[in-house]
């Protein structure tokens, strides 16, 4: 993680974080401005643009008929992919995905899948033969840090507005007919993620790219709320430093409040 | 409401563990670690000069972990070669081990850790980390401490340790939660934290303290394996 950043910047950030300060004037636990826009492509079943500070990410949902897995003949499939294109950052290069490009969709996948937000059992077209595959495709347009949390919000919103297309007699998607049915989603489950970053003994949320690159460890929690109960559905630690038990307990206890802050902005889409 | 564990274990009881150091004679260090039917082997090669040269770091040695399942270690044959899951586990294993390693002593080098799962019954990443930690110690790499790893989990509402495959697939009530962690043996320092399932944020401290206790038992098995090897070598 501590790549491509001057030691001098890292030391400066470490000293500032220790005093509870950041370059952009935010508090350590303060999120950047969140903007959400929907329907950015009328060809997608659902789509959204999320801006978190200067980080911008686009997510589109497409549905396609596919084959079910042999052990779940009536269950639809969920596939999350991300493309870290050179447009979004001087750090990205064309070619086979680096680890960040593999981890991002896996984390979004797990936050959504484990929350059970999508009822995949209702996405069967013909048992044993044809089921819907829900594709969540993530395209960062400008990576200024905390892509994972931004992508999670975009995926959630895009799923909430997505429609299931009509299907022809031959079993193909009928692009001429208007899609009317909503995706089978659990109404009250809205998974998002929160990533915490550690530098020295300080922990921050929603880092800019510069801050993220200075940090030694990250931990991402997938969080949902069901019947007024908060649930951690997924979690992954990254980086060469560790977290103490106390730090992990503290971050867990911060999750409900962070969730409500984001939820405030999400309400009108859910 | 408590559910009986399929193999009759208590909630804080790990599966039978076994460990052995020195299982790959060609390697600089190696070990086997098993949680019940899950068997992992790990081998360490290095520190050795990293090639290609442009990947070398003059300020430190590099740790490179490769984790994979053998094709016949799971019910449905796994296509040989690393998939994305294996790549992710390789990465989180590196991060789990790095905090105890003194790699600054070996500039421009790489330490390769190869982890293979011979038989899988859940808990393969945790068994792999335990084996790798032993193999690194066996290879004589300077380490601050051993790393111990175990999964805590939830069966419906109850916290349990070291889930078997059958427990991982539990679907009643709140279903199953898998919460694998790794910890520096003698320090309040968690170096791997992953989770799939659902757990209330309030339960995290309790789950971590259960995991820390289970890690002490893993540590005992690891220490014994190292001691046995030292004694075996002394005997010639």
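Annotations
- Here residue A:97 meets the list (1) within 11 Å of chain B (Cβ to nearest Cβ); (2) in a helix (DSSP H, G or I) almost entirely, failing just condition (2).
- Residue match in region B:72-89 (condition: buried (at least 16 other Cβ atoms within 10 Å of the Cβ), in a loop (DSSP other than H, G, I, E, B) and under 17 Å from the mean Cα position of the chain (by Cα)): yes
- Selected residue (criterion: surrounded by the most Cβ atoms within 10 Å (Cβ to Cβ)) from residues of region B:209-236 that are in contact with a strand residue (DSSP E or B) (Cβ under 7 Å, 6 or more places away or on another chain) and within 11 Å of another protein chain (Cβ to nearest Cβ): B:211
- Flag for residue A:213 being touching a residue at least 24 places away in the same chain (Cβ under 8 Å), surrounded by 15 or more Cβ atoms within 10 Å (Cβ to Cβ), more than 14 Å from chain B (Cβ to nearest Cβ) and assigned to a helix (DSSP H, G or I): yes
- In region B:154-172, the residues that are at positive phi form Cβ pairs under 7 Å with partners that are part of a loop (DSSP other than H, G, I, E, B), at six or more places apart or across chains, as follows: B:156/B:1; B:156/B:3; B:156/B:172; B:156/B:173; B:156/B:174; B:162/B:14; B:162/B:15; B:162/B:123.
- Restricted to region A:106-126, and to residues there that are out of contact with any helix residue (DSSP H, G or I) (no Cβ under 8 Å at 6 or more places or on another chain) and assigned to a helix (DSSP H, G or I), the residue that is surrounded by the fewest Cβ atoms within 10 Å (Cβ to Cβ) is A:121.
- Hey, residue B:173 outside any strand (DSSP E or B), within 14 Å of chain A (Cβ to nearest Cβ), farther than 18 Å from residue B:19 by Cβ and modelled with pLDDT under 95 or not: yes
- Each residue in region B:90-114 was checked for being in a helix (DSSP H, G or I) and within 30 Å of residue A:109 (Cβ to Cβ), and 10 of them qualify.
- The selection criterion, being modelled with pLDDT of 95 or more and either within 15 Å of the chain's Cα centre (by Cα) or in a loop (DSSP other than H, G, I, E, B) (or both), holds for residue B:60.
- Residue count for region A:153-179 satisfying the condition of being buried (at least 16 other Cβ atoms within 10 Å of the Cβ) and assigned to a loop (DSSP other than H, G, I, E, B): 3.
- Residues being within 18 Å of residue B:163 (Cα to Cα) and either more than 7 Å from every other protein chain (Cβ to nearest Cβ) or free of Cβ contacts under 8 Å to residues at least 12 places away in the same chain (or both) - total across region B:189-204: 2
The values are calculated or read from the model by the stated rules, or taken from the named source; none is laboratory data. These numbers were taken from a predicted model, which means no experiment stands behind them. Counting neighbours? That spans all protein chains shown, and the Cβs are built from the backbone with ideal geometry, glycine included.
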